[in-house]
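Enquirer: Following this message is one structure expressed as structure tokens.
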Amino acid sequence: MTTAPGQTAAVDRTWTVGQVARTFGISVRTLHHYDEQGLVVPSGRTASGYRLYDHGDLERLSTVVGYRRLGFALEDVRDLLEADGPGRLAHLRRQQAAVRARLAQTADLAEAIEHALEAEMQDRPATTEDLRAIFGDGYSEEYQAEAQERWGQTPQWEQSQARPARFTPADWVQIKESTEAFEAELAQAVADGVDPASDEGVALADRHHASIEVYYDCSDEMHANLAELYVSDERFTRHYDERRPGLAQWLHDAILARVARHDGGHAG
């Protein structure tokens, strides 16, 4: 049973309405209502007529509060208080069945909401909040602003804004997973000693080019410019070299080998 604040319950002690309300975490109005309904009637009064609860009252109130928190209606609580052992057991079993039914309904509702959220994510463009959640530290509006300053007047910039604007969160999750898998392949190529100018290296550069064209049309010249960026901008270099030391330079060389094959040996 819950005891009065800071003290052990004693049979000769009494508590005011305010003390009891704070102890049990219920309102004074609720205590008054229990009194009016005859559920928990305080055994004493002060000279001024204020209610006083003794140890037995608190024991009964503890039972009432417990049943209410289990979801019993006041009428059921009254029946439980008046019932004998088998009667209380039957009430509790019925309440247990009701609670389990509500839990099952809640689980069904949660599943329905989850399906609705998945459908919503499939059908709507991703928001900035979605991108932050998907990419974490890999998403930066600073890079976006810098790219706009550098290439904001080009058709490729316009394409890079228009195409991804239609991507859903599910699209971005797939892009992230595909990118991580591809960069793992690139890192493995470096580990295996693949020549970046070989057919295998150029094929990987072709796939890199295709991954860029998801966002905008990437000419060979622009692809070569990106390759230079990967070794001249320490942020890009760090990104690739964290996956495998030397990967940034290897990818740079593979891209230039790809471009050279396309223009007869002269990278543009």
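Enquirer: Taking the options 224, 205, 248, name whichever one is touching a Gly at 6+ places or on another chain (Cβ under 9 Å) and either part of a loop (DSSP other than H, G, I, E, B) or open to solvent by less than 20 Å² (accessible area, probe 1.4 Å) (or both).
Expert: Just a single option satisfies the conditions, and that option is 224.
Enquirer: Same structure again: Say whether the condition of being open to solvent by 50 Å² or more (accessible area, probe 1.4 Å), farther than 30 Å from residue 118 by Cβ, without any contact (Cβ under 8 Å) to a residue 12 or more places away in the chain and more than 30 Å from the chain's Cα centre (by Cα) is met by at least one residue in the range 129-147.
Expert: no
Enquirer: Could you look through the range 231-242, keep only residues that are without any contact (Cβ under 8 Å) to a residue 24 or more places away in the chain and surrounded by 15 or more Cβ atoms within 10 Å (Cβ to Cβ), and pick out the one that is farthest from residue 162 (Cα to Cα)?
Expert: The residue in question is 241.
Enquirer: Which residues, counting only those in the range 66-98, are open to solvent by 50 Å² or more (accessible area, probe 1.4 Å), over 17 Å from residue 30 (Cβ atoms) and within 43 Å of the chain's Cα centre (by Cα)?
Expert: Within the range 66-98, 88, 89, 92, 93, 94, 96, 97 meet the criteria.
Enquirer: Hey, any hits in the range 159-182 for a residue that's among the acidic types (Asp, Glu) and over 30 Å from the mean Cα position of the chain (by Cα)?
Expert: Taking every residue of the range 159-182 in turn, none turns out to be among the acidic types (Asp, Glu) and over 30 Å from the mean Cα position of the chain (by Cα).
Enquirer: Which is in a helix (DSSP H, G or I), modelled with pLDDT of 90 or more and open to solvent by 30 Å² or more (accessible area, probe 1.4 Å), of 23, 63?
Expert: 23
Enquirer: Given 229, 256, which one is at pLDDT 95 or above and in contact with a helix residue (DSSP H, G or I) (Cβ under 9 Å, 6 or more places away or on another chain)?
Expert: 256
Enquirer: Among the residues that make up the range 154-170, is at least one of them modelled with pLDDT of 80 or more, among the hydrophobic types (A, V, I, L, M, F, W, C), open to solvent by less than 50 Å² (accessible area, probe 1.4 Å) and part of a loop (DSSP other than H, G, I, E, B)?
Expert: Yes, there is a match, as at least one residue in the range 154-170 is modelled with pLDDT of 80 or more, among the hydrophobic types (A, V, I, L, M, F, W, C), open to solvent by less than 50 Å² (accessible area, probe 1.4 Å) and part of a loop (DSSP other than H, G, I, E, B).
Enquirer: For residues that are surrounded by fewer than 15 Cβ atoms within 10 Å (Cβ to Cβ), assigned to a helix (DSSP H, G or I) and not hydrophobic (A, V, I, L, M, F, W, C), scanning just the range 183-201, find the one that is farthest from the chain's Cα centre (by Cα).
Expert: Result: 199.
Enquirer: Condition first: in a loop (DSSP other than H, G, I, E, B) and open to solvent by 70 Å² or more (accessible area, probe 1.4 Å). Now tell me which residues in the range 28-39 satisfy that.
Expert: Selection gives 37 alone.
Enquirer: Is it the case, given these coordinates, that residue 42 is at pLDDT 80 or above and either open to solvent by 60 Å² or more (accessible area, probe 1.4 Å) or closer than 30 Å to residue 172 by Cα (or both)?
Expert: So residue 42 does not fit the description; no.
The values are calculated or read from the model by the stated rules, or taken from the named source; none is laboratory data. Predicted model, so just to flag it, every value in this text is computed and none were measured. Counting neighbours? That spans all protein chains shown, and the Cβs are built from the backbone with ideal geometry, glycine included. Areas reflect the complete protein model, heavy atoms only, side chains present, ligands, DNA and RNA absent. Shrake-Rupley method; radii C 1.70, N 1.55, O 1.52, S 1.80 Å.
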